[in-house]
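Taking it in order: structure first as structure tokens, then the write-up.
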Amino acid sequence: MTGGRHPTGGFDTVVDSVLFDVIGTRIVGGELSGYNELLDSNGEVRQQWRELSTNVLDRGGRALESLRDRIHNLVDNDGITYNEITGTDNGKTLTSPSAWMLDGLPLVFSAADWAPLEAGLLQRSRLLDAILADIYGPMQMVRDGFLPPELIFADPRYIRAAHGISVPARHQLFMHAADISRGRDGSFRVIADRTQAPSGVGYSLADRRVISRALPTVFQDVSPRPLSGFAQAMRVALIDAAPAAAEDPVVVVLSPGAHSETAFDQAHLATVLGFPLVESADLVVRDGQLWMRSLGTLKRVDVVLRRVDAAFSDPLDLRTDSRLGVVGLVEVMRRGRVTVVNTLGSGILEAPGLPRLLPDLCRRLLDEDLLLESVPRYWAGEPAERSHLLARMDDLVFEHVRRGTAVLGAALTAEEKDDLRSQIEAAPTNWVGVELPAYSSAPIDSAHGIASAPVQFRMFSVAQRGGYAALNGGLGAVVLHVGRDGSVVSSAAKDIWLRSAEIATPAEAGSPSALTLPEVLPDLEGAAAEAITSPRVLDDLYWIGRYAERAEHTSRLLIAVRDKVADYRHRPWMDGSDCLPVLFAAVTASAGSGPVEFGADDADAQLRSLTVDAARPGSLAQSVGRLQQACRAVRDQLSNDTWSVLSGLQRALTRAGSDGSNDSVLLRDAQGTIRDGMLALSGLSAESMVHDAGWYVTDTGKRIERGLQLTKLLSATLTSAQNPSTERAIIDSVLATTESSVTYRRRNRGQVRVAAVALLLLFDEGNPRSLVYQLERIRANLRALPDASGSSRAERLVEDIGARLRRADPVDLEIADADGVRTELRELSDGVHESLRELSGVLTDKMAVPTGMQPLWGDAMGRYMP
């Protein structure tokens, strides 16, 4: 079976019916003609399901609806997403984040069921490890005829450049995942092995966090085996895999990027492991070593946990069109300077014809009988199997060895079947037929209440010093149907609960399996603990600071303008009503969306558009969207609390944007929620984030944006003199937008003067909203960065802006010329604004990833470096 678009086969359709149609299995009205996970042959609830049945399944629709809402909110608050493919643009795959679909009813296994399944998985991991070592080493199994070369060397997952490269650890296969289903008789079968870059562990851990909070009482009663030990096992194994010369190994997780379909899985796993999540732009090969860019310096990398497909890992030795890999990585591996796991070429273990050979290879390599069988497969290269394959075209998935493609026989027309038959007969060694697996049924929470649905799940193992360790659970999936390419399309994920045995085993103590894990040595506990921040990460953190501040400023300005619209829209004769066109000009100037003439009739429409129209430049929705995009790019750097805040913002905007009646209450709620959310993020940043280079860059972005918005606001509102009533109304809105109203009133006792406003907002060093305060924070942040020199261009720009402010007099700034223009205030505001833009450009240029080829094996003069 081929893999789908989701880690377990493609979660891209929401269950909205109790009718499922699976090839070979039909489920109607919640009944399934296969093994029933919930009920035994007498119709009684199985022992391992009884707590869940009593506390959830038997409680009716209202309880299920409440559970569904809790899970939705928890998934939303944790920012668990899956990036769906939406199309292509100039050969680049486009994706869009969608909410992770998680079924509220876990899949429960007894200890008696799990024990042989775990033993079978661990044996299978050992067997695949031995096969991998042989294929890229002595190739004895090929020489002896146990591995047909047509099935191995013709497969695109075989990486010739990886021959002879070995992992400096006891096992060549670092991580193994297996997709499992259960047949009618209760026996388990492997649908497919995942060895290329197995995904899903991050989702498994996130699912467990959600379900444990959504069903706290049942979770406590059942007390499923914990998953945390597996992350510890992975961490130890990654450190152990470092080259012998590495004293304090640095480990990174290599990701295709934030637009990868499983970006959340990669980022969450990196967060749990405590290792940096990097992309190809963060890494460079120099002097025969792999390095990570880190704020003007390079940090040596010893171990790479690879989530990029092998063929894309090095555009020099592998696919030359790849933008996901690191130039020269293969050569560094050959030199033994870096360990990449899963190692390049491990994807060959997913070859379609390999599972049919595992029973013989197990006896040959391990001197054991295979414990966990695969779904039956037939290779057309064997005449007897070819006849069987051609006779059962409607029952099989046909996989092409060379192309790596597949097609479901039952989905073909008569003409297509004839064409396929001709292709098989013309080149039989290219084709493998795979039987469709049988699925067991389990209860799911559908829109119609409790229903039965076919399920499968993914198990995981990781190499250890003494063998392999298995995750105490896995990633379950509700099977919806089989696609035309043979991939399984699933509707939702399922958490997997593993019951404890009556007699405690080593696995019950938190270890991921019966293996005894080595303790983390004291000198390894601090490995890779140093914060490593690449230019790419710093750039995203910088824009997080800017977009968060922009969203806060825009929300405050919209609230202030909305209040004035409420005061004056229907009272144009009142003193001060002329403030409305000025304030609307300030809003559009802040948004950068071009001038909009104020009209009382379209005020609500304009405010609504500036709030919820994500396509409008500078709108509140656009700023929040850009903030979320930047946050997703550095998800591993952010806490779960951050995603809880961001999800609340999006919900508020969605409610306001979907309201057909133009409800002003929802609009005000959205603006207020975003203002409050930005304050919450600011508090998280100040009180919860470690003040490292990333924090200083984020805060610098925030301070630059605050200065830009302040100067733009002053230029749009106070540089043209107005009558006293209008000017009072404008100043009132300016002070509200800059959160300085209380301080101003306390200091000036009701007097309204532009000079007093300028003193507070431009020159007051004690006002956190003043321009001079922002400059001081930027200056301190730049000094705190590791590469600070005291005389960099950025630092000189800050000093120049400060000098310009020191030369200004607040009293002079309120003087208007004969045309009513406050020339000095305008020149100061516009000049500082342009200088801040220049400062931003200098900083973003500094954080830009260098382009052009770098010397790989020699220095800049071309000399060889050993």
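For residue 706, state whether it is crowded, with 17+ Cβ neighbours inside 10 Å and either in contact (Cβ under 8 Å) with a residue 12 or more places away in the chain or of a type in the set (Phe, Trp, Tyr) (or both). In short, yes. Within the range 320-339, is there a residue that is hydroxyl-bearing (Ser, Thr, Tyr) and crowded, with 24+ Cβ neighbours inside 10 Å? Looking through the range 320-339, at least one residue is hydroxyl-bearing (Ser, Thr, Tyr) and crowded, with 24+ Cβ neighbours inside 10 Å.
Among the residues of the range 629-639, is any closer than 25 Å to residue 561 by Cβ and at pLDDT below 95? No - not one qualifying residue is present in the range 629-639. Here the condition is being loosely packed, with under 15 Cβ neighbours inside 10 Å and either in the same structural domain as residue 723 (by TED's automatic domain parsing) or closer than 28 Å to residue 699 by Cα (or both); of 590, 639, it holds for 639 alone.
Of the residues examined, residue 211 is not one that is at pLDDT 95 or above, under 30 Å from residue 36 (Cβ atoms) and in contact with a Ser or Thr (Cβ under 8 Å, 6 or more places away or on another chain). Among the candidates 157, 209, the residue that is in the same structural domain as residue 455 (by TED's automatic domain parsing), more than 18 Å from residue 118 (Cβ to Cβ) and in a loop (DSSP other than H, G, I, E, B) is uniquely 157.
The residues of the range 246-299 that are without any contact (Cβ under 8 Å) to a residue 40 or more places away in the chain and farther than 19 Å from residue 693 by Cβ amount to a single one, 247.
In a helix (DSSP H, G or I) and not charged (D, E, K, R) - does that describe any residue in the range 332-344? So far as the range 332-344 goes, yes, one or more of its residues are in a helix (DSSP H, G or I) and not charged (D, E, K, R). Looking across 173, 147, 128, one residue alone is assigned by TED's automatic domain parsing to the domain that holds residue 239, part of a helix (DSSP H, G or I) and buried (at least 19 other Cβ atoms within 10 Å of the Cβ). It is 128.
The criterion of being in the same structural domain as residue 557 (by TED's automatic domain parsing), of a type outside the set (S, T, N, Q) and free of Cβ contacts under 8 Å to residues at least 12 places away in the same chain does not hold for residue 618.
With respect to being under 30 Å from residue 119 (Cβ atoms) and not small (Gly, Ala, Ser), residue 385 fits the description. Taking the listed residues 777, 796, the one that is more than 20 Å from residue 756 (Cα to Cα) and in contact (Cβ under 8 Å) with a residue 12 or more places away in the chain is 777, with no other qualifying. Of all residues in the range 708-752, those satisfying the criterion of being under 21 Å from residue 773 (Cβ atoms) and either basic (Lys, Arg) or in contact with a strand residue (DSSP E or B) (Cβ under 6 Å, 6 or more places away or on another chain) (or both) are 712, 745, 746, 747.
Only residues that are part of a helix (DSSP H, G or I), of a type outside the set (A, V, I, L, M, F, W, C) and free of Cβ contacts under 8 Å to residues at least 40 places away in the same chain were counted across the range 412-445, and they come to 9. Only one of the numbered conditions (1) surrounded by 13 or more Cβ atoms within 10 Å (Cβ to Cβ); (2) modelled with pLDDT of 50 or more; (3) hydroxyl-bearing (Ser, Thr, Tyr) is violated by residue 8, and that is (2). State yes or no: is residue 819 closer than 19 Å to residue 835 by Cβ, assigned by TED's automatic domain parsing to the domain that holds residue 757 and among the charged types (D, E, K, R)? No; evaluated as a whole, the condition is false for this residue.
Taking (1) touching a Phe, Trp or Tyr at 6+ places or on another chain (Cβ under 8 Å); (2) outside any loop (DSSP other than H, G, I, E, B); (3) of a type outside the set (Phe, Trp, Tyr) in turn, residue 322 satisfies each apart from (2).
Can residue 122 be described as within 25 Å of residue 380 (Cα to Cα), more than 28 Å from the chain's Cα centre (by Cα) and either assigned by TED's automatic domain parsing to the domain that holds residue 463 or buried (at least 19 other Cβ atoms within 10 Å of the Cβ) (or both)? It is false that residue 122 is within 25 Å of residue 380 (Cα to Cα), more than 28 Å from the chain's Cα centre (by Cα) and either assigned by TED's automatic domain parsing to the domain that holds residue 463 or buried (at least 19 other Cβ atoms within 10 Å of the Cβ) (or both).
Against the list (1) surrounded by fewer than 15 Cβ atoms within 10 Å (Cβ to Cβ); (2) at pLDDT 85 or above, the condition residue 585 fails is (1). Against the conditions (1) closer than 18 Å to residue 56 by Cβ; (2) without any contact (Cβ under 8 Å) to a residue 40 or more places away in the chain, residue 448 satisfies every one except (2). Among the residues making up the range 131-144, those that are in a helix (DSSP H, G or I) and either in contact (Cβ under 8 Å) with a residue 60 or more places away in the chain or outside the structural domain of residue 368 (by TED's automatic domain parsing) (or both) are 131, 132, 134, 135, 141. With respect to the conditions (1) crowded, with 17+ Cβ neighbours inside 10 Å; (2) among the aliphatic types (A, V, I, L, M); (3) not in a helix (DSSP H, G or I), residue 690 falls short on a single one, namely (1).
The values are calculated or read from the model by the stated rules, or taken from the named source; none is laboratory data. Given the structure is predicted, the values throughout are model-derived calculations rather than measurements. Please note: Cβ atoms are built from the backbone with ideal geometry, for glycine as well, and neighbour counts cover all protein chains shown.
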